Amino acid sequence: MVFDILSRYFWLLAIIENGWRYIAQERTAARSGAMSLRTSDEAKSLRRWFAVFHAHPWIIMGIATILGGTPNFSYYFRPQDHNPYVLTWYGVQFCSAIGFTFWAFFYNGAEKIIKYQIGVAFVPRYSWVNTVGRVKFFAALAPIWIVLTMVVATSIDVRLYK
């Protein structure tokens, strides 16, 4: 019973966790003082953008679950079934990763992440990512990671939990 609930509403738990991280980052910024770069309007805007950026795949998963296209999260481990909701979810993840990579490299996104310490609440143990080079490295890795995830999910035969 608990597994049924968790597998059906995993998307909601992910959205709640994302919101909690956003609130934690806002509180951390507020404690840093009025003169801190973390309290600037640009930093606030970036934190909001990151919260939405991290939430939208889970919103898509939630819509698919509510509409009955994917009864639970196990369907996302089977892209080989060509479920349109699952393929959309992977496509959105991939496009988001490409967009993030482009932003990090060509719009000074990596510098902004370091300058405003955007990843503090989104990345556990943030101190190990605190250089522009590392942010760019992980930004470049993001689209590759999504493709590898889909390849692995396709290559294993996960049983659908119904």
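The values are calculated or read from the model by the stated rules, or taken from the named source; none is laboratory data. Every value quoted in this text rests on a predicted model; they were computed, and no experiment measured them. Quick reminder, even Gly has a Cβ in these numbers, built from the backbone with ideal geometry, and neighbours come from all protein chains shown.
Considering only segment 27-45, I want to know if a residue exists there that is closer than 25 Å to residue 148 by Cβ and in contact with a Phe, Trp or Tyr (Cβ under 7 Å, 6 or more places away or on another chain).
no
Tally time: how many residues in segment 30-58 are of a type in the set (A, V, I, L, M, F, W, C) and without any contact (Cβ under 8 Å) to a residue 60 or more places away in the chain?
Number of matching residues: 9.
Give segment 106-126 a look and list any residue that's at pLDDT 60 or above, more than 14 Å from the chain's Cα centre (by Cα) and in a helix (DSSP H, G or I), or say none.
Once the filter is applied, which keeps residues that are at pLDDT 60 or above, more than 14 Å from the chain's Cα centre (by Cα) and in a helix (DSSP H, G or I), segment 106-126 yields 106, 109, 110, 111, 112, 113, 114, 115, 116, 120.
With the requirement that a residue be under 30 Å from residue 118 (Cβ atoms) and either free of Cβ contacts under 8 Å to residues at least 60 places away in the same chain or among the polar types (S, T, N, Q) (or both), what does segment 59-81 give you?
Within segment 59-81, 59, 60, 61, 62, 63, 64, 65 qualify.
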